[in-house]
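Here is the structure we will look at.
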Amino acid sequence: ISSITESLIAKGYRVVAKEIDIRKVRAVGTVARSLQLDDGEEVYQIQRLQCADDTPIAMMTNYLKVGQTPYLEKYAGSFSGLYSFLEKQYGITMTKATEYLSATTADFLEAKLLNIDVGAPLLCSRRISSNENGIFEYSINKIVADNYEYCIHLSGRN
């Protein structure tokens with residue numbers, strides 16, 4: 001299980017989060033269901049604009065269960081790669097994930113932040129990740145489609 005940040009670094013890009021916001025919000029709808037929480041329970045919401053070689057490449061939104069990451073908001077602006085940060089700071093390692101990939105197009109705000117045209121193609125990745133304690137993270141990432149390649153390794157058949 002790797003992150004977009006780790007994948008880009010492995011390809012030789014210099015990756016930084018241009019903007020990062022961390023706050024507690026109430027989980028509702030898809031977020032609550034994905035994290036197996038009741039509507040209204042508190043989660044951390046992390047929003048980042050990820051840049052590769054100074055070019056905006058992804059808008060990332062992660063939702064984390066609150067209990068395992070105390071005082072997470074104080075680290076806003078201090079990391080680019082969430083998974084490596086969680087491993088170093090909290091000893092949290094993702095053990096499995098389910099990811100959904102789809103195509104979408106950039107709306108006005110996404111286009112402005114990613115410096116692309118309204119309607120430009122985006123790869124949308126929605127991921128539910130677990131650590132040793134169960135489901136921990138739900139993420140929605142919108143990635144500039146012409147700058148990112150997604151690789152999936154498959155093996156065997158039951």
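For region 23-152, what number of Lys pairs, 8 or more residues apart or on separate chains, have alpha-carbon atoms under 18 Å from each other? Don't skip to the end; give the middle numbers.
Values: Lys24/Lys65; Lys24/Lys74; Lys65/Lys74; Lys65/Lys88; Lys65/Lys96; Lys74/Lys88; Lys112/Lys142.
Summing the qualifying lysine pairs gives 7.
So what is Rg over Rh here for the chain, counting just Cα atoms and using Kirkwood for Rh? Please list the in-between numbers first.
Numbers: Rg = 15.5 Å, Rh = 16.3 Å.
For the chain, the value is 0.95.
How big is the convex hull of the Cα atoms of region 86-135, per residue, in Å³? Could you put the intermediate results ahead of the total?
Values: hull volume 5.1 nm³, N = 50.
For region 86-135, the hull spanned by Cα atoms encloses 101 Å³ per residue.
Roughly how large, in nm² to one decimal, is the mean projection of the convex hull of the alpha-carbon atoms in region 1-59?
Working: hull surface 18.9 nm².
For the Cα atoms of region 1-59, the hull's average projected area reads 4.7 nm².
Nearest 500 deg cm²/dmol is fine: what mean residue ellipticity at 222 nm does the chain get from its DSSP H runs of n ≥ 4 alone, each adding -39,500 (n - 2.57), divided by its residue count? Walk me through the numbers before you get to the answer.
Values: 4 runs with 29 residues, N = 158.
Only helices count here, giving -4500 deg cm²/dmol.
Restricting attention to region 89-158, which GluC sites (Glu not before Pro) occupy a DSSP loop and are surrounded by at most 15 other Cβ atoms within 10 Å? Intermediate values should be presented prior to the final figure.
Numbers: sites: Glu99, Glu110, Glu132, Glu137, Glu149; in loops: Glu132, Glu149.
Counting only loop positions with at most 15 other Cβ atoms within 10 Å, the GluC sites (Glu not before Pro) in region 89-158 are Glu132, Glu149.
Computing the accessible area with a 1.4 Å probe over protein heavy atoms, can you report the carbon and sulfur percentage for the chain?
Here it works out to 47 percent.
Tally Lys/Arg at +1 and Asp/Glu at -1 over every other residue whose Cβ is under 13 Å from the Cβ of Glu41; what's the total?
With Lys, Arg at +1 and Asp, Glu at -1, the net is +1.
Please report Rg over Rh for region 21-92, where both radii come from the alpha carbon positions and Rh follows the Kirkwood definition. If you can, show how the numbers build up before the last one.
Values: Rg = 12.9 Å, Rh = 13.1 Å.
My calculation of the ratio gives 0.99.
Please list 3J(HN,Hα) in residue order for region 19-25, calculated via the Karplus relation 6.51 cos²θ - 1.76 cosθ + 1.60 where θ = phi - 60°; whole Hz, with x for glycine and proline.
Computed from phi, the couplings for region 19-25 are 9, 8, 10, 10, 8, 8, 9 Hz.
Give the whole-number value, in cubic angstrom per residue, of the convex hull volume spanned by the C-alpha atoms of region 75-158. Don't skip to the answer; put the middle values down first.
Numbers: hull volume 11.8 nm³, N = 84.
In region 75-158, the Cα hull volume divided by residue count equals 140 Å³.
The values are calculated or read from the model by the stated rules, or taken from the named source; none is laboratory data. Since the model is a prediction, treat every value here as computed from it, not as a measurement. Reconstructed Cβ throughout: ideal geometry from the backbone, glycine too, with neighbour counts over all protein chains shown. Each accessible area value is taken on the protein alone, full model and side chains, heavy atoms only, with ligands, DNA and RNA left out. Shrake-Rupley method; radii C 1.70, N 1.55, O 1.52, S 1.80 Å.
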